[in-house]
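Remarks on the structure that follows.
The values are calculated or read from the model by the stated rules, or taken from the named source; none is laboratory data. Since we're looking at a predicted model, the values are computed, not measured. With ideal geometry, Cβ positions are generated from the backbone for all residues, glycine too; neighbour counts draw on all protein chains shown.
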Amino acid sequence: MSVVVIGPANLEFVLQVPTMPKFAEGESVRAVDLSTRVGGSGAIQALAAARLGARVFFVGCIGNDEDGIHLLHGLREGQVDASEVEILSSETTGVGLVCLGDDGGRSLVVYAGANQFITPSRVMRTMVRLTSSRDIVILGASTSVEVLTAALTTAKDNLARTILHLSYPVNIGHELNEFCDFLVLDEFTASAYTGVTTQITEPETPALDVLLRQVKSAVILTASGGVVWADDNSRGFCPPEGRMENVDPVRSTDVFIGSLAAFLDAGASLEEAVSHALLSKAQTVAEDADQTDVPELEDSVRRNVYADDDTTNLALAAA
């Protein structure tokens, strides 16, 4: 089985600053460090899934430039199959400008560039080649509704399973909601999507009831850093793992989604996949911040999720 990620890839330029500038007042701040990294929700999700041993294909667009070369190198170095990345000679690679303040502040400005030129017809052709029964396809709101429609319908035809991450409310229609196997939302988006405005702190939240009328399974990332989830058979809550202060919520969410896909692809139940994906996210965040007080993701789970001789080894490895 495999994981197919359809989404944006950006080369991010990360500026470390002592304090966040007051942009509205035109304040200038001298950065103390500059680095580059692979960014964009699709690329981060792909790398997170590959890190856990999944066979990952990334589908997206970059420009024919130095930034695109850096992105391809980063994806391939992370064991992501980038053969389905389309290089557009007339467009520039997507770019993100990130400001990280020593005081915990952060900002992100994105230029989509080539990302916005992925087409529904190309997505359909690519998915027909790549996907089959029980594969996992990751999609997000950053792609157009037309691309989402093409991907969801093609996945259904090929019996693949889909994870749809909506970082803001998107009206994709009742029929397409039914094609989605796992809908992932943050708490704010879940409230806007369902009309349930009470704080989400437990699996009995009415928000999950509303979502399950439209999709097969729902996952809500709570403001506290935990996750509530539900499917037709069960529901539950997983508390946050590790530190939550000074965490990049966007990047850490993408790590969670990529990890979730890897564990589901390996045969985990939704409960197991959510639990292990939270731990994987916490470990990645800790490594990025040089923290050491986060429980280790056991090597048996991290490296041997995909044992050749036992496709159901995940629950055993995690026990």
Taking the range 15-69 and keeping only residues that are hydroxyl-bearing (S, T, Y), touching a residue at least 12 places away in the same chain (Cβ under 8 Å) and not in a strand (DSSP E or B), one is left with T19, S41
Expected single match for farther than 19 Å from V137 by Cα, of a type in the set (V, I, T) and not in a loop (DSSP other than H, G, I, E, B) among V219, V210 is V210
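Residue-by-condition table, conditions (1) among the charged types (D, E, K, R); (2) surrounded by 15 or more Cβ atoms within 10 Å (Cβ to Cβ); (3) more than 20 Å from L130 (Cβ to Cβ):
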position: T143; (1), (2), (3): no, yes, no
position: L152; (1), (2), (3): no, yes, no
position: T162; (1), (2), (3): no, yes, no
position: C180; (1), (2), (3): no, yes, no
position: T189; (1), (2), (3): no, yes, yes
position: G195; (1), (2), (3): no, no, yes
position: Q199; (1), (2), (3): no, no, yes
position: P203; (1), (2), (3): no, yes, yes
position: R213; (1), (2), (3): yes, no, yes
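Each row is one residue, and each column tells you yes or no for (1) closer than 30 Å to M20 by Cα; (2) surrounded by 23 or more Cβ atoms within 10 Å (Cβ to Cβ).
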{"site": "F57", "(1), (2)": "no, yes"}
{"site": "N64", "(1), (2)": "no, no"}
{"site": "H70", "(1), (2)": "yes, no"}
{"site": "T92", "(1), (2)": "yes, no"}
{"site": "C99", "(1), (2)": "yes, no"}
{"site": "G105", "(1), (2)": "yes, no"}
{"site": "R122", "(1), (2)": "no, no"}
Could you say which residue among G26, G68 is more than 20 Å from the chain's Cα centre (by Cα) and modelled with pLDDT of 95 or more? G68
Take V250 and tell me if it is among the β-branched types (V, I, T), crowded, with 22+ Cβ neighbours inside 10 Å and within 20 Å of the chain's Cα centre (by Cα). no
Across the range 70-126, what is the total count of residues that are assigned to a helix (DSSP H, G or I) and either closer than 25 Å to D33 by Cβ or of a type outside the set (G, A, S) (or both)? 18
Can you confirm whether V110 is touching a residue at least 12 places away in the same chain (Cβ under 8 Å) and exposed (fewer than 14 other Cβ atoms within 10 Å of the Cβ)? no
Given the conditions (1) modelled with pLDDT of 80 or more; (2) assigned to a loop (DSSP other than H, G, I, E, B); (3) not aromatic (F, W, Y), which single one is not true for V170? (1)
Inspect the range 113-125 for any residue being modelled with pLDDT of 95 or more, on the phi > 0 side of the Ramachandran plot and of a type outside the set (D, E, K, R) and give the result as yes or no. yes
If you check G42 against the conditions, is it touching a strand residue (DSSP E or B) at 6+ places or on another chain (Cβ under 9 Å), crowded, with 22+ Cβ neighbours inside 10 Å and closer than 22 Å to S167 by Cα? yes
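Let me confirm something: among G78, G63, which residue is within 17 Å of the chain's Cα centre (by Cα) and of a type outside the set (A, V, I, L, M, F, W, C)?
G78
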Condition set hydroxyl-bearing (S, T, Y) and farther than 14 Å from E77 by Cβ, scope the range 29-59, selection nearest to the chain's Cα centre (by Cα): answer is S41
Looking at the range 35-49, is at least one residue farther than 19 Å from D254 by Cβ and touching a Leu at 6+ places or on another chain (Cβ under 8 Å)? no
Would you list the helices (runs of 4 or more DSSP H) that sit entirely within the range 249-319 and hold 1 or more residues that are modelled with pLDDT of 90 or more and farther than 14 Å from V227 by Cβ? 249-265
